[in-house]
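Chemist: My structure is below; once you've seen it, I'll send some questions.
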Amino acid sequence: MYGISNVTVVIPCYNDGIYIMEALNSILNQTLKADKIIIVDDGSKDETKKVLASINHDNVIIIYQENQGVCKARNNAIELAETKYILNLDADDYFEATFIEKAVEVLNNNDKVAAVGCWVKILKNKVLEKEIKKPSGGSVKDFIVINNGIASSMFRKKCWEMVSGYDAEMQNGYEDWEFWISILKHNYEMVILQEPLYTYRQKMQSRNKSALNKYDYDLRKYIFVKHKEL
């Protein structure tokens, strides 16, 4: 199925030159094509810049910025997007070919759904783990204690505008959890496609691990104070 999807894909990239083409190709090979793909180079080293410079595709825009972190990178790209829907993708991960088509269908057919994610395959040391991560999505009450969504989901741009984007104060992680809470508390829901259509690359060192190991308490406290009324 080909057509106007009303989707902009946003891919922040920080020193992920060895993975970015796999991420990008997973979007270029979708059954329903994205209108635009915006890659944000967040102050990467020269090796990654060389890979990005080699990309030549009508639908792909590359923005270069000083290192400002993933929240600013996403916000800067989403600001430029002219479509109804935004799809996040981390530069070291990738989607199965049907994700955009299936996610767009859900958003087109239900105004109460703000975001669509899916089940997740974990890639560790180049091998897919047997276990599939199965977030449940739902309403804001399902996000109070645990993040029941995934960062790389599709959402309505108007919802991003409504909450003034990603909170750039959250430099150390959990920004996607806070983002979902901010949106879902306006009586929206997140739907999770019950298929593993996304592959997450688990690295030895990652921002997610450091968030959990070093900053978990402070980040949770920040979210709690910001959304105390819940």
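The values are calculated or read from the model by the stated rules, or taken from the named source; none is laboratory data. All figures in this text were calculated on a predicted structure; none of them were measured in a lab. As a convention, Cβ positions derive from the backbone with ideal geometry for all residues, glycine included, and neighbour counts pool all protein chains shown. In case anyone asks, the SASA skips ligands and DNA or RNA and just uses the protein heavy atoms, side chains included. Shrake-Rupley method; radii C 1.70, N 1.55, O 1.52, S 1.80 Å.
Chemist: Among the residues of the range 205-224, write down those that are open to solvent by less than 90 Å² (accessible area, probe 1.4 Å) and either at pLDDT 75 or above or not in a helix (DSSP H, G or I) (or both).
Modeler: Ser206, Tyr215, Asp216, Leu219, Tyr222, Ile223, listed by residue number.
Chemist: May I pose another question? Going through the range 166-204 one residue at a time, which ones are in a loop (DSSP other than H, G, I, E, B) and surrounded by fewer than 18 Cβ atoms within 10 Å (Cβ to Cβ)? Talk me through it step by step, then tell me what you get.
Modeler: Of the range 166-204, the ones in a loop (DSSP other than H, G, I, E, B) are 166-174, 185-188, 203-204.
Within the range 166-204, Ala168, Glu169, Gln171, Asn172, Lys185, His186, Asn187, Lys203, Met204 meet the criteria.
Chemist: In addition: So which residues in the range 147-186 are free of Cβ contacts under 8 Å to residues at least 60 places away in the same chain and of a type in the set (Lys, Arg)?
Modeler: Lys185
Chemist: Taking the range 82-94 as the region of interest, how many residues are within 15 Å of the chain's Cα centre (by Cα) and open to solvent by 10 Å² or more (accessible area, probe 1.4 Å)?
Modeler: Within the range 82-94, the first condition is being within 15 Å of the chain's Cα centre (by Cα), and the residues that meet it are 85-94.
Still in the running and open to solvent by 10 Å² or more (accessible area, probe 1.4 Å): 90, 92, 94.
Total meeting the criteria: 3.
Chemist: What are the residues in the range 115-137 that are within 17 Å of Glu195 (Cβ to Cβ), open to solvent by 30 Å² or more (accessible area, probe 1.4 Å) and in a loop (DSSP other than H, G, I, E, B), if any?
Modeler: Taking the range 115-137 and keeping what is within 17 Å of Glu195 (Cβ to Cβ), we get 115-123, 128-137.
Now restrict to residues that are open to solvent by 30 Å² or more (accessible area, probe 1.4 Å): 119, 121, 128-134, 136.
Passing the criteria: Lys134, Ser136.
Chemist: Taking only the range 58-114 into account, find how many residues are over 24 Å from Glu195 (Cβ atoms) and either in contact with a Ser or Thr (Cβ under 7 Å, 6 or more places away or on another chain) or among the aliphatic types (A, V, I, L, M) (or both). Outline the logic, then answer.
Modeler: Residues of the range 58-114 that are over 24 Å from Glu195 (Cβ atoms), as a first pass: 58-82.
Retained after the next criterion (residues that are either in contact with a Ser or Thr (Cβ under 7 Å, 6 or more places away or on another chain) or among the aliphatic types (A, V, I, L, M) (or both)): 60-63, 70, 73, 77-78, 80-81.
Adding up the residues that qualify gives 10.
Chemist: Exactly one of these conditions fails for Lys158: (1) buried (at least 17 other Cβ atoms within 10 Å of the Cβ); (2) part of a helix (DSSP H, G or I). Give me its number.
Modeler: For Lys158, the failing item is (1).
Chemist: Here is a further query. Among the listed residues Ile86, Ile62, which satisfies the condition of being of a type in the set (Val, Ile, Thr), under 17 Å from Ile38 (Cβ atoms), in contact (Cβ under 8 Å) with a residue 40 or more places away in the chain and in contact with a helix residue (DSSP H, G or I) (Cβ under 6 Å, 6 or more places away or on another chain)?
Modeler: Working: Ile62 fails: in contact (Cβ under 8 Å) with a residue 40 or more places away in the chain.
Exactly one residue qualifies, and that residue is Ile86.
Chemist: Please work out which residue is farthest from Gly17 (Cα to Cα), limiting yourself to the range 64-114 and to residues that are hydroxyl-bearing (Ser, Thr, Tyr) and in a loop (DSSP other than H, G, I, E, B).
Modeler: So the first thing to find is which residues in the range 64-114 are hydroxyl-bearing (Ser, Thr, Tyr), and the list is 64, 83, 85, 94, 98.
Next, only the ones that are in a loop (DSSP other than H, G, I, E, B) stay: 83, 98.
Details: Thr83: 27, Thr98: 25 Å.
My answer is Thr83.
Chemist: Which members of the range 1-50 meet the condition of being open to solvent by less than 50 Å² (accessible area, probe 1.4 Å), of a type in the set (A, V, I, L, M) and farther than 19 Å from Leu123 by Cβ? If you could, list the steps in order and put the result at the bottom.
Modeler: First pass over the range 1-50, keeping only residues open to solvent by less than 50 Å² (accessible area, probe 1.4 Å): 3, 5, 7-13, 16-17, 20, 23-24, 26-28, 30-32, 34-35, 37-44, 48.
With the extra rule that they be of a type in the set (A, V, I, L, M), the set shrinks to 7, 9-11, 20, 23-24, 27-28, 32, 34, 37-40.
Answer for the range 1-50, where residues must be open to solvent by less than 50 Å² (accessible area, probe 1.4 Å), of a type in the set (A, V, I, L, M) and farther than 19 Å from Leu123 by Cβ: Val7, Val9, Val10, Leu28, Leu32, Ala34, Ile37, Ile38, Ile39, Val40.
Chemist: Go through the range 53-74 and give me each residue that's surrounded by fewer than 19 Cβ atoms within 10 Å (Cβ to Cβ) and touching a Phe, Trp or Tyr at 6+ places or on another chain (Cβ under 8 Å).
Modeler: The answer is Asn67, and nothing else.
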